[in-house]
Amino acid sequence: MHVEDSQIKDFIIDTGLISKSEVEEIESEAKSKKKSLSDLLVSKGKFSDDDLRRVQAYILGIPFINLKGQTLNPDILTLIPEPIARKHNIVAFNKKEDSLEVAMLDTDDLQALNSIKKKVGLKILPRLTDSESMRSVLIQYQKNLKDEFGDLIKTDSDEIKTISEKTSTDNTSLGDLKKLAEELPVVRIVDTLLKHSIIQNASDIHVEPLEEQILIRYRIDGILHDAMILPKHIGYSLVARIKVLSNLKLDEKRLPQDGRFKIDMNGERVSFRVSTLPVYYGEKIVMRLLRESVSGFTLESLGFHGEGLELLHKSLQRTTGLILTTGPTGSGKSTTLYTMLDILNTPDVNISTIEDPIEYQMKRVNQTQVRAEIGLTFASGLRTLVRQDPDIIMVGEIRDNETASLAINAALTGHLVLSTLHTNSASGAIPRLVDMKVEPFLIISTIDVIIAQRLVRKLSGKKEKYYLDDSELDSFAKVIDMDRVLRALREEKIIGKHDKWENIPFYKPSKDEGDNAFKGRIGVYEVLNVSNAVRDLIIKGATAEDIELQAKKEGMLSMMEDGIFKAAQGLTTIEEVLRVVSE
């Protein structure tokens, strides 16, 4: 069931999805790079993977199935074992007397279809679906977290041999703690915690000791959710097990500790960054989940678009200069940097990084972990990196004037440098660097683009359409330039040339959906081009507000404006934008 590039090309031209000249240009590029047309259409943001599957389904005459929000019959679902379903992205969703309907992502996976046919002894009817549908169905293989923990607690709680009062004191022997961490029941409980955090796409796990119980919370799409409450006596075993996994000192309970460990789950390698902190009722543990593969991301899929996207691609084609991304912790800065590195990572360049911590491992990139305790800081590491003949340098964070000066000098001496700063806006990066004693003339000689970003939750469930009334439009107009957003929507053909705010629909979750209406996150950005006019302002010592005003005159959308732009696309809600972005 293979679809040829020529079939995709003919379909796109016939339907007018993309102009003939543009398709032929991309086809020519695909041939020169020895890539398929479909791969290049996706990487250039012309189609998403799911859009391409819909095209393939139409060409092949295969129905396209949307399974999002559907609860499948477990007896039918389990006809395909979970390991096969996850490995091949194929699930059974409907069974008749002599046939089985299966939803899949890859129509070329004939091997999986043949093995399933042999196993179930039925005629297999393939259907294409989208990645969100596949994720929502695969989760149904798993028991609910509370159900699974309930079973574990019921059967294992009595078996967990707590070392009575001695365990909660500072006199506990190392041997006792090791024994505690290796007991089978606590191993099962920790494995369940980690497994469900990965399935639910959590970014953090919080293990919080309270007076009478242990509270487990997951951060999913930026929001903390209670996941489970455990008996108090399990807490000591839980902490010991996590410390063993992350190679921390078991008998150190009075000082904070940091560690790390990795697990493999269904072929996905996930790293857990562990932080322990003494609190009143014991030790609190927070584990940050880091998916080690960043491949597959594009700037378009992260949420960049229009003029900002063009500016970034133009900056990434340069061989010298500095690209900065700014925002608070957890705003997706690292993912943006790694995505840019992935674009730049070609055989003809040498890329070196200095990071704290290394969040994703990238092939052919020389990544160095900061170790301040032995003198390997951002500054000392960067000083060494420039002697390693790099073409591209990534500095995890500019924290002080020494690192700032070295990064600026590296950008001046023939390197492309990528880094992050903790500021609230793109324009705020300039006074922050000046505070770090970087001379304005060096700033204007090196910085090409400054990005500021936040993450908003994406709408995915049932949603209701509504329109802004005059009072809402007036209140927004006091904070942002609604005309600029309207122009951007028209230029990118999201709306028609004559559409006005009064007839542009916005969306909100259905009343019965709540937080279930959101799945995943997307970035809202402002991309500040350091133009000649902006350089003049920097030299004159202008404020961040003056620089931002000039950038907006040149077409920059602020984060709030970009958020409204994405709300008008139906990607998120206005309430979510207001929650995350404060002007």
Whole-percent carbon and sulfur share, accessible surface of the stretch 224-276, 1.4 Å
49 percent
Given Cα pairs under 8 Å that are at least 6 residues apart, what percent is the relative contact order of the chain?
9 percent
Rounded to the nearest 0.05, FRET efficiency between Ser275 and Lys178 (Cβ-Cβ, R0 30 Å) equals 0.90
Over the chain, give the accessible area per residue in Å² for a 1.4 Å probe, as an integer.
49 Å²
Residue span Ser510 to Asp391: 0.36 nm per residue of separation minus Cα-Cα distance leaves a gain in nm of 37.8 nm
Classified through the alpha carbon gyration tensor (a ≥ b ≥ c as square roots of its eigenvalues; rounded if a/c is under 1.5, else prolate when a/b is larger than b/c, else oblate), the chain comes out oblate
How far is the Cα center of the stretch 382-405 from the Cα center of the stretch 524-564, in Å?
26 Å
Counting other Cβ atoms within 10 Å, keep those with at most 13, restrict to DSSP loop, and tell me which chymotrypsin sites (Phe, Trp or Tyr not before Pro) in the stretch 277-375 are left.
Tyr280
Enumerate the calculated ³J(HN,Hα) couplings along the stretch 401-416 in order (Karplus 6.51 cos²θ - 1.76 cosθ + 1.60, θ = phi - 60°), each rounded to whole Hz, writing x wherever the residue is Gly or Pro.
5, 5, 5, 4, 4, 5, 5, 4, 5, 5, 5, 6, 9, x, 10, 8
³J(HN,Hα), Karplus 6.51/-1.76/1.60, whole Hz, each residue of the stretch 434-450, x for Gly, Pro
4, 4, 7, 6, 7, 5, x, 5, 6, 4, 6, 7, 10, 6, 9, 9, 10
Taking 562-571, 211-220 and ranking on average Cβ neighbours within 10 Å, highest first, one gets 562-571, 211-220
Starting from the eigenvalues of the Cα gyration tensor, five times each then square-rooted, give me the equivalent ellipsoid semi-axes of the stretch 177-314, largest first, whole Å.
33, 16, 14
Would you grab the residues whose amide H sits under 5 Å from the one on Arg454? Only those 5+ places off in sequence or on another chain, please, with H modelled 1.01 Å from N.
Val524
Could you order peptides 377-390, 525-538 by the average number of other Cβ atoms within 10 Å of their residues, highest first?
525-538, 377-390
Calculate the spin-label point distance for Lys500 paired with Ser301, positioning each point 7 Å from the Cα along the beta-carbon direction, and give it in nanometres.
4.0 nm
Under 25 Å Cα-Cα from Lys178, which lysines qualify once same-chain neighbours fewer than 8 residues away are excluded?
Lys154, Lys161, Lys166, Lys195, Lys232, Lys243, Lys249, Lys253, Lys262, Lys284
Straight-line reach only, C-alpha to C-alpha below 19 angstrom: list the lysines that Lys117 could link to, leaving out same-chain residues fewer than 8 apart.
Lys87, Lys95, Lys96
In nm, the gap between the two label points placed 7 Å beyond Cα toward Cβ at Leu60 and Ser28 is 3.2 nm
If I model a spin label as a point 7 Å beyond the Cα along the Cα-Cβ vector, how far apart are those points for Val349 and Asp14 in nm?
4.0 nm
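Below 8 Å, C-alpha to C-alpha, sequence gap of six or more: please give me the relative contact order for the stretch 439-583 in percent.
Computed over the stretch 439-583, the figure is 39 percent.
Only Lys, Arg, Asp and Glu count, each charged at its Cβ (+1, +1, -1, -1), so figure out the dipole size of the stretch 192-348 about its Cα centre, rounded to 20 debye.
480 debye
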So, in Å, what gap is there between the alpha-carbon centers of the stretch 410-452 and the stretch 201-273?
37 Å
The ³J(HN,Hα) series, computed from each phi in the stretch 77-82 with the Karplus coefficients 6.51, -1.76 and 1.60 at θ = phi - 60°, rounded to the nearest Hz and given as x for glycine or proline, is 4, 7, 4, 9, x, 3
Where the only charges are on Cβ atoms (+1 Lys, Arg; -1 Asp, Glu), what is the dipole of the stretch 442-519 about its Cα centre, to the nearest 20 debye?
360 debye
Checked the stretch 450-531 against the a/c 1.5 cut and the a/b vs b/c comparison, axes a ≥ b ≥ c from its Cα gyration tensor; verdict oblate
Debye, to nearest 20: dipole size of the stretch 449-488, +1 on Lys, Arg Cβ, -1 on Asp, Glu Cβ
460 debye
Nonlocal amide H pairs with Ala227, under 5 Å, H built at 1.01 Å:
Ile216, Arg217, Tyr218
Can you tell me which lysines have their Cα less than 23 Å from the Cα of Lys462? Leave out same-chain residues fewer than eight positions away.
Lys68, Lys508, Lys511, Lys519, Lys566
Mind listing which trypsin sites (Lys or Arg not before Pro) in the stretch 308-357 are in a DSSP loop and have 13 or fewer other Cβ atoms within 10 Å?
Arg318
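The values are calculated or read from the model by the stated rules, or taken from the named source; none is laboratory data. In this text, all values refer to a predicted model and were calculated from it rather than measured experimentally. As a convention, Cβ positions derive from the backbone with ideal geometry for all residues, glycine included, and neighbour counts pool all protein chains shown. SASA here: full protein model, heavy atoms, side chains in, ligands and nucleic acids out. Shrake-Rupley method; radii C 1.70, N 1.55, O 1.52, S 1.80 Å.
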